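The block underneath contains the structure these notes are about, expressed in structure tokens.
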Amino acid sequence: MNRRTFLASAGLAGVAGLAGCAALQFGGNRDFDVGMTAETFDPAELTVSVGDEVVWMNTSSRAHTVTAYENAIPEEAEYFASGGFDSERAAREAWRQGGGALDNGETFSHTFDAPGRYEYVCVPHEMAGMVGTVVVEEG
Ligand SMILES: [Cu+2]
């Protein structure tokens, strides 16, 4: 084995080790801002600045949605929901056929352009209290 080959395989082993660790405990992987456990958003409240992109990742084995409460976001804000629906009603109707679902490891992201308080819910786990808040502060 020459030196270059040795370094390449050592590097790969290191990466594989880190990846295995992240897969076991998603908390160590910061490629997302909000995780989703069985019935919670984690963290349930997140504070960001105007223009920031927030990434949600389903870190559980159950399907979830990220669905903004249309009447609990700033008036001038753009509506957001996993599945890309433009209203809460459309998102809720689509969920009956599984529309907007995020499965394990899938992500949803939204860029917040208006300051204020945004409340959102996971439609299938609303009764379990799976709700979250993003607070967007002026830059
Ligand atoms: Cu859920």
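Remarks
- Close contacts from segment 48-63, counting a first residue that is farther than 11 Å from Asp33 by Cα and a second that is of a type in the set (Asp, Glu) and in a strand (DSSP E or B), with Cβ to Cβ under 8 Å and a gap of 6+ residues or different chains, come to Ser49/Glu137; Val50/Glu137; Thr59/Asp42.
- When Asp86 is tested against the conditions (1) part of a loop (DSSP other than H, G, I, E, B); (2) touching a Ser or Thr at 6+ places or on another chain (Cβ under 9 Å); (3) charged (D, E, K, R), the lone failure is (2).
- Selection from segment 111-139 of residues that are more than 16 Å from Ser82 (Cβ to Cβ), without any contact (Cβ under 8 Å) to a residue 60 or more places away in the chain and not in a strand (DSSP E or B): Met127
- Scan of segment 30-50 for residues that are assigned to a loop (DSSP other than H, G, I, E, B), away from the ligand (no atom under 16 Å from the Cβ) and within 12 Å of the chain's Cα centre (by Cα), ordered by number: Arg30, Asp31, Asp33
- Selection within segment 117-139 - aromatic (Phe, Trp, Tyr) and within 16 Å of the ligand (Cβ to nearest atom): Tyr120
Coordinate-derived values only; no laboratory data. These numbers come from a predicted model, not from an experiment. Neighbour counts run over all protein chains shown; Cβ positions are idealised from the backbone, glycine included.
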